[in-house]
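Reading through the structure tokens given below for one structure.
The values are calculated or read from the model by the stated rules, or taken from the named source; none is laboratory data. Treat the numbers as computed from the prediction; the structure is a model and nothing was measured. Neighbour counts are summed over all protein chains in view; Cβ atoms, including those assigned to glycine, are modelled from backbone coordinates with ideal geometry.
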Amino acid sequence: MSEVLLECAGLDKRFGGVLALAEVGFSINRGEIYGLIGPNGAGKTTLFNALTGIYPSDAGGFRFAGEALSGLRPDEIAARGIARTFQNIRLFANLSALDNVMIGRHVRTRAGVFGAVLRTRATLAEEAAIEKRALELLGYVGIAARANDVARQLPYGDQRLLEIARALATEPKLLALDEPAAGMNATETLELKKLLQRVRADGTTILLIEHDMKLVMGLCDRVLVLDYGRSIAEGPAREVQRDPRVIEAYLGGAVAGAPLA
Amino acid sequence: MRGANIFANPQAKWLGVALIAIALIGLPFALASVGTAWVRIANLAILFVFLSLGLNIVVGFAGLLDLGYIAFYAVGAYVYALLASPHFNLHLPFWVILPIGALVACLFGVLLGAPTLKLRGDYLAIVTLGFGEIVRIFLNNLSQPVNITNGPQGISRIDPFRFGAFSFSQTESVLGLVFSGPIKYYYLLLLLLLLVIVVNLRLQHSRIGRAWEAVREDEIAARAMGINTTRIKLLAFAMGASFGGVAGGMFAAIQGFISPESFVLVESVMVLSMVVLGGMGNIWGVVLGAVLLSFVPELLRYTVEPLQKALFGRSIIEPEVIRMLLFGLALVLMMLYRPAGLLPSAVRKRELAKPEGGAA
């Protein structure tokens with residue numbers, strides 16, 4: 001349980017004069033569900049973007065499965081086993097749900113132009129495997145019936161699930177979810193919780209940004225709290241919850257002593 | 001919906017395919033009976049279908065707006081002309097030159113693609129437009145100090161396609177049927193076109209085709225899913241360009257003469273219009289668009305003048321002007337009533353039906 005999968009040390013990210021992330025450091029163990037919380041604008045999504053190669057970091061960096069990730073492109077990071085979802089859903093909106101997940105298989109498959117044009121036996125077998133796996137994943141997240149629907153026309157909750165299925169299609173070691181429960185109702189959130197527990201049980205580590213504290217506390221083994229780009233607390237969810245600095249960051253300090261959620 | 005049901009029946013589908021095949025095989029003789037000029041027009045139309053399918057990879061599949069596509073056609077044409085004409089006194093066989101032309105055009109495609117990878121939409125359009133013009137101006141001026149392209153005079157007496165003693169430019173009679181040069185080229189072009197359509201269809205429904213779609217839909221999400229967007233966009237430019245190169249080589253051989261004047265901006269716009277009119281991203285739509293825009297202007301050329309003469313006793317408006325007027329009107333009507341093209345791709349239709357504006 002204690003083997004480190006992702007290690008982040010001294011991470012800085014600057015936007016002009018704003019220090020969006022300041023010396024952020026943490027480590028995620030293999031098989032963990034690790035929560036990332038903090039008030040709006042604390043730098044959670046910035047941390048995700050730095051981790052997945054969308055922004056280069058200004059100082060510090062990540063080690064993932066024993067390899068430094070700094071300076072790699074997003075596609076290289078995906079190939080190394082980090083897949084993510086987006087806070088503001090970024091599906092391939094006009095394609096079918098199935099196509100979305102099939103595109104997620106890109107990084108684990110090989111067929112090139114010649115294979116595609118000549119329809120070699122290897123390419124055909126690969127195509128069949130891609131489709132089969134994509135359908136399995138749609139079933140896994142519970143939207144198999146929606147396979148041929150256009151992504152844009154899916155209900156909001158299903159779009160979030162589709163993003164998870166697409167991310168899982170890249171066979172990640174670490175699944176990074178940016179507010180997956182946003183816009184979901186209570187039933188959907190409960191289903192999501194079960195799904196994430198299943199994902200973890202099947203061997204994928206999860207990094208979770210979430211504002212739904214009940215979900216975070218019920219799901220996460222450990223939690224990192226960011227405020228103004230700094231990590232102000234880290235540890236098991238129950239302990240962090242009672243940390244006065246965390247309560248201050250969330251409630252403005254006036255109501256010290258009241259536990260969160 | 002009824003049309004879809006007819007095609008759902010496999011027998012009817014094969015019957016349709018057979019009828020189209022017979023029509024295409026018989027077409028050049030029907031045209032030749034009207035005049036050989038019409039066979040040449042059909043050949044040019046096939047070349048434009050070729051070009052449109054190439055451009056469709058860049059614009060339709062990968063969503064990269066290219067306004068200088070004709071440059072690749074020019075490159076292919078000049079490669080053929082330089083390697084098979086008295087200009088350098090080189091006379092390589094066409095099956096050697098066409099692949100070279102495709103390769104050189106492909107190289108130019110990468111040359112254009114590499115510096116423009118970060119550009120999208122309007123900005124990409126401007127750079128590609130400039131690229132097309134640069135190529136044409138180079139062709140116009142590369143006659144000094146060393147005469148490479150022969151400048152504005154162009155290159156003439158370009159070799160026709162030859163297989164040993166069999167030349168595509170000579171007329172032959174087989175079983176009482178007269179096969180003129182253009183008719184022989186027609187069948188060769190048709191065969192190559194069939195190949196290009198198959199290649200396009202297969203590419204579209206492949207891992208690569210899906211990656212192009214992903215890049216077009218959302219580049220950031222595509223990258224996060226592990227698609228190397230740099231490579232996949234360059235691949236689109238390179239593939240599109242090499243189709244253009246092959247078409248250019250055939251153009252040079254069929255015409256026997258080329259000059260920079262054949263590769264002006266209007267030609268790029270024309271090919272793009274064919275793609276847009278037919279239906280970006282849908283191969284059959286693109287074919288239809290190219291055929292329509294190749295034939296209708298020629299039909300007008302042959303009908304408008306006699307019609308005016310019959311009605312008014314003289315020609316009031318020149319055919320060229322009417323052509324452009326009708327062309328403009330057609331585009332406006334299309335944008336109003338069928339913005340995704342005559343035969344739109346399902347995905348494009350959804351994109352354009354998007355009620356909330358969305359990012360361009």
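Working carefully through the options B:Ile197, B:Ile183, B:Ile227, B:Ile155, find the one that is touching a His at 6+ places or on another chain (Cβ under 9 Å) and touching a residue at least 40 places away in the same chain (Cβ under 8 Å).
Numbers: B:Ile197 fails: touching a His at 6+ places or on another chain (Cβ under 9 Å); B:Ile183 fails: touching a His at 6+ places or on another chain (Cβ under 9 Å); B:Ile227 fails: touching a residue at least 40 places away in the same chain (Cβ under 8 Å).
After applying the criteria, what remains is B:Ile155.
Is the range B:256-263 home to any residue that is of a type in the set (A, V, I, L, M, F, W, C), in contact (Cβ under 8 Å) with a residue 24 or more places away in the chain and not in a helix (DSSP H, G or I)?
Looking only at the range B:256-263, we keep the residues that are of a type in the set (A, V, I, L, M, F, W, C), and these are B:257-258, B:263.
When the remaining residues are screened for being in contact (Cβ under 8 Å) with a residue 24 or more places away in the chain, the result is B:257-258, B:263.
Next, from what is left, pick out any that are not in a helix (DSSP H, G or I): B:257-258.
Yes: the range B:256-263 contains one or more residues that are of a type in the set (A, V, I, L, M, F, W, C), in contact (Cβ under 8 Å) with a residue 24 or more places away in the chain and not in a helix (DSSP H, G or I).
Kindly provide the set of residues from the range B:193-206 that are β-branched (Val, Ile, Thr) and within 7 Å of chain A (Cβ to nearest Cβ), ordered by number.
Step one: list which residues in the range B:193-206 are β-branched (Val, Ile, Thr), which gives B:196-199.
Result: B:Val199, single match.
Taking the condition of a type in the set (D, E, K, R) and within 29 Å of B:Pro99 (Cα to Cα), does B:Glu219 pass? Spell out how you get there, then give the answer.
Values: of a type in the set (D, E, K, R): yes; within 29 Å of B:Pro99 (Cα to Cα): no.
No: the conditions fail for B:Glu219.
With surrounded by fewer than 24 Cβ atoms within 10 Å (Cβ to Cβ) and closer than 21 Å to B:Val291 by Cα as the only criterion, which of B:Ile134, B:Ile41 stands out? Break it down into steps so the answer makes sense when it comes.
Values: B:Ile134 fails: closer than 21 Å to B:Val291 by Cα.
Result: B:Ile41 is the single residue among B:Ile134, B:Ile41 that is surrounded by fewer than 24 Cβ atoms within 10 Å (Cβ to Cβ) and closer than 21 Å to B:Val291 by Cα.
Would a scan of the range A:167-175 turn up a residue that is under 19 Å from B:Arg210 (Cα atoms), surrounded by fewer than 21 Cβ atoms within 10 Å (Cβ to Cβ) and more than 7 Å from every other protein chain (Cβ to nearest Cβ)? Walk me through how you get there before you give the answer.
In the first step, residues of the range A:167-175 are kept if they are under 19 Å from B:Arg210 (Cα atoms); the result is A:167-171.
With surrounded by fewer than 21 Cβ atoms within 10 Å (Cβ to Cβ) added as a condition, the list becomes A:171.
Filter once more, so that each one left must be more than 7 Å from every other protein chain (Cβ to nearest Cβ): A:171.
There is at least one residue in the range A:167-175 that is under 19 Å from B:Arg210 (Cα atoms), surrounded by fewer than 21 Cβ atoms within 10 Å (Cβ to Cβ) and more than 7 Å from every other protein chain (Cβ to nearest Cβ).
Any idea which residue in the range A:93-110 is nearest to the other protein chains (Cβ to nearest Cβ), counting only those that are under 13 Å from A:Arg152 (Cα atoms) and of a type in the set (S, T, N, Q)?
Filtering the range A:93-110 for residues that are under 13 Å from A:Arg152 (Cα atoms) and of a type in the set (S, T, N, Q), the one nearest to the other protein chains (Cβ to nearest Cβ) comes out as A:Asn94.
Got a number for residues in the range A:69-99 being assigned to a helix (DSSP H, G or I), surrounded by fewer than 20 Cβ atoms within 10 Å (Cβ to Cβ) and not aliphatic (A, V, I, L, M)?
Filtering the range A:69-99 for residues assigned to a helix (DSSP H, G or I) gives A:74-80, A:97-99.
With surrounded by fewer than 20 Cβ atoms within 10 Å (Cβ to Cβ) added as a condition, the list becomes A:76, A:79-80.
With the extra rule that they be not aliphatic (A, V, I, L, M), the set shrinks to A:76, A:80.
So the answer is 2.
Within the range A:50-68, work out how many residues are touching a residue at least 12 places away in the same chain (Cβ under 8 Å) and part of a loop (DSSP other than H, G, I, E, B). Before the answer, list the steps.
Just the residues of the range A:50-68 that are touching a residue at least 12 places away in the same chain (Cβ under 8 Å), to begin with: A:50-65, A:67.
If we keep only those that are part of a loop (DSSP other than H, G, I, E, B) too, we end up with A:52-58, A:65.
Total satisfying the criteria: 8.
Checking A:Gly60 against (1) of a type outside the set (Phe, Trp, Tyr); (2) in contact with a Cys (Cβ under 9 Å, 6 or more places away or on another chain); (3) over 23 Å from B:Arg223 (Cβ atoms), only one condition comes out false. Which one?
If we test A:Gly60 against (1) of a type outside the set (Phe, Trp, Tyr); (2) in contact with a Cys (Cβ under 9 Å, 6 or more places away or on another chain); (3) over 23 Å from B:Arg223 (Cβ atoms), just (3) comes out false.
Got at least one residue in the range B:186-196 being within 30 Å of A:Tyr55 (Cβ to Cβ) and of a type in the set (A, V, I, L, M, F, W, C)?
Initial filter on the range B:186-196 (within 30 Å of A:Tyr55 (Cβ to Cβ)): none.
The answer is no, given that none of the residues of the range B:186-196 is within 30 Å of A:Tyr55 (Cβ to Cβ) and of a type in the set (A, V, I, L, M, F, W, C).
So that you can scan it fast, the table gives a plain yes or no per residue for (1) over 26 Å from B:Arg350 (Cα atoms); (2) under 22 Å from the mean Cα position of the chain (by Cα); (3) aliphatic (A, V, I, L, M); (4) more than 11 Å from chain A (Cβ to nearest Cβ):
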residue	(1), (2), (3), (4)
B:Glu213	no, yes, no, no
B:Asn228	no, no, no, no
B:Ala241	yes, yes, yes, yes
B:Gly244	yes, yes, no, yes
B:Ala253	yes, yes, yes, yes
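Test B:Ser156 against the stated conditions and say whether it is closer than 29 Å to B:Tyr186 by Cα and surrounded by fewer than 23 Cβ atoms within 10 Å (Cβ to Cβ). Walk me through it before giving the result.
Details: closer than 29 Å to B:Tyr186 by Cα: yes; surrounded by fewer than 23 Cβ atoms within 10 Å (Cβ to Cβ): yes.
Against the criterion (closer than 29 Å to B:Tyr186 by Cα and surrounded by fewer than 23 Cβ atoms within 10 Å (Cβ to Cβ)), B:Ser156 qualifies.
I'm told A:Arg198 meets every condition in (1) buried (at least 23 other Cβ atoms within 10 Å of the Cβ); (2) in a helix (DSSP H, G or I) except one. Can you identify the failing condition by its number?
Of the numbered conditions (1) buried (at least 23 other Cβ atoms within 10 Å of the Cβ); (2) in a helix (DSSP H, G or I), the odd one out for A:Arg198 is (1).
A quick yes/no check of all residues on (1) within 14 Å of chain A (Cβ to nearest Cβ); (2) over 18 Å from the mean Cα position of the chain (by Cα); (3) free of Cβ contacts under 8 Å to residues at least 60 places away in the same chain:
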site	(1), (2), (3)
B:Phe166	no, yes, yes
B:Phe179	no, yes, yes
B:Leu191	no, no, yes
B:Ile208	yes, yes, yes
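Considering each of A:Arg119, A:Arg90, A:Arg84, A:Arg80 in turn, give the residue that is in contact with a Phe, Trp or Tyr (Cβ under 9 Å, 6 or more places away or on another chain) and at the interface with another protein chain (Cβ under 7 Å from one of its Cβ atoms). Even if it seems obvious, please write down each step before you answer.
On the way: A:Arg119 fails: in contact with a Phe, Trp or Tyr (Cβ under 9 Å, 6 or more places away or on another chain); A:Arg90 fails: in contact with a Phe, Trp or Tyr (Cβ under 9 Å, 6 or more places away or on another chain); A:Arg80 fails: at the interface with another protein chain (Cβ under 7 Å from one of its Cβ atoms).
After ruling out the rest, the residue left standing is A:Arg84.
Go over the candidates B:Gly154, B:Gly130, B:Gly121 one by one and state the one that is more than 14 Å from every other protein chain (Cβ to nearest Cβ) and closer than 21 Å to B:Tyr80 by Cα.
On the way: B:Gly130 fails: closer than 21 Å to B:Tyr80 by Cα; B:Gly121 fails: closer than 21 Å to B:Tyr80 by Cα.
After applying the criteria, what remains is B:Gly154.
From the list B:Val266, B:Val271, B:Val287, B:Val275, which one is without any contact (Cβ under 8 Å) to a residue 12 or more places away in the chain, away from chain A (no Cβ under 11 Å) and either of a type in the set (Val, Ile, Thr) or in a helix (DSSP H, G or I) (or both)? It would help to see each step written out before you state the result.
On the way: B:Val271 fails: without any contact (Cβ under 8 Å) to a residue 12 or more places away in the chain; B:Val287 fails: without any contact (Cβ under 8 Å) to a residue 12 or more places away in the chain; B:Val275 fails: without any contact (Cβ under 8 Å) to a residue 12 or more places away in the chain.
Going through B:Val266, B:Val271, B:Val287, B:Val275 in turn, just one is without any contact (Cβ under 8 Å) to a residue 12 or more places away in the chain, away from chain A (no Cβ under 11 Å) and either of a type in the set (Val, Ile, Thr) or in a helix (DSSP H, G or I) (or both): B:Val266.
Can you tell me which residues in the range B:80-106 are among the aliphatic types (A, V, I, L, M) and without any contact (Cβ under 8 Å) to a residue 40 or more places away in the chain?
Here is the first cut: in the range B:80-106, the ones among the aliphatic types (A, V, I, L, M) are B:81-84, B:90, B:92, B:96-98, B:100, B:102-105.
Within the range B:80-106, B:Leu83, B:Leu90, B:Leu92, B:Val96, B:Ile100 qualify.
Here are A:Leu226, A:Leu177, A:Leu215, A:Leu195: which of them is in the same structural domain as A:Val246 (by TED's automatic domain parsing), of a type outside the set (Gly, Ala, Ser), in contact with a strand residue (DSSP E or B) (Cβ under 9 Å, 6 or more places away or on another chain) and modelled with pLDDT of 95 or more?
Values: A:Leu226 fails: modelled with pLDDT of 95 or more; A:Leu215 fails: modelled with pLDDT of 95 or more; A:Leu195 fails: in contact with a strand residue (DSSP E or B) (Cβ under 9 Å, 6 or more places away or on another chain).
On inspection, the qualifying residue turns out to be A:Leu177.
When the range A:132-146 is examined, which residues are found to be among the hydrophobic types (A, V, I, L, M, F, W, C) and touching a residue at least 40 places away in the same chain (Cβ under 8 Å)? Show your work before the answer.
The initial filter retains those residues of the range A:132-146 that are among the hydrophobic types (A, V, I, L, M, F, W, C), namely A:134-135, A:137-138, A:141, A:143-145.
A:Leu138, A:Val141, A:Ile143 - these are the residues of the range A:132-146 that are among the hydrophobic types (A, V, I, L, M, F, W, C) and touching a residue at least 40 places away in the same chain (Cβ under 8 Å).
Is it fair to say A:Arg133 is surrounded by 22 or more Cβ atoms within 10 Å (Cβ to Cβ) and more than 10 Å from chain B (Cβ to nearest Cβ)?
Details: surrounded by 22 or more Cβ atoms within 10 Å (Cβ to Cβ): no; more than 10 Å from chain B (Cβ to nearest Cβ): yes.
It is false that A:Arg133 is surrounded by 22 or more Cβ atoms within 10 Å (Cβ to Cβ) and more than 10 Å from chain B (Cβ to nearest Cβ).
Taking the options A:Glu163, A:Glu188, name whichever one is assigned to a helix (DSSP H, G or I), in the same structural domain as A:Leu5 (by TED's automatic domain parsing) and not polar (S, T, N, Q). Even if it seems obvious, please write down each step before you answer.
Working: A:Glu163 fails: in the same structural domain as A:Leu5 (by TED's automatic domain parsing).
Answer to the check: A:Glu188.
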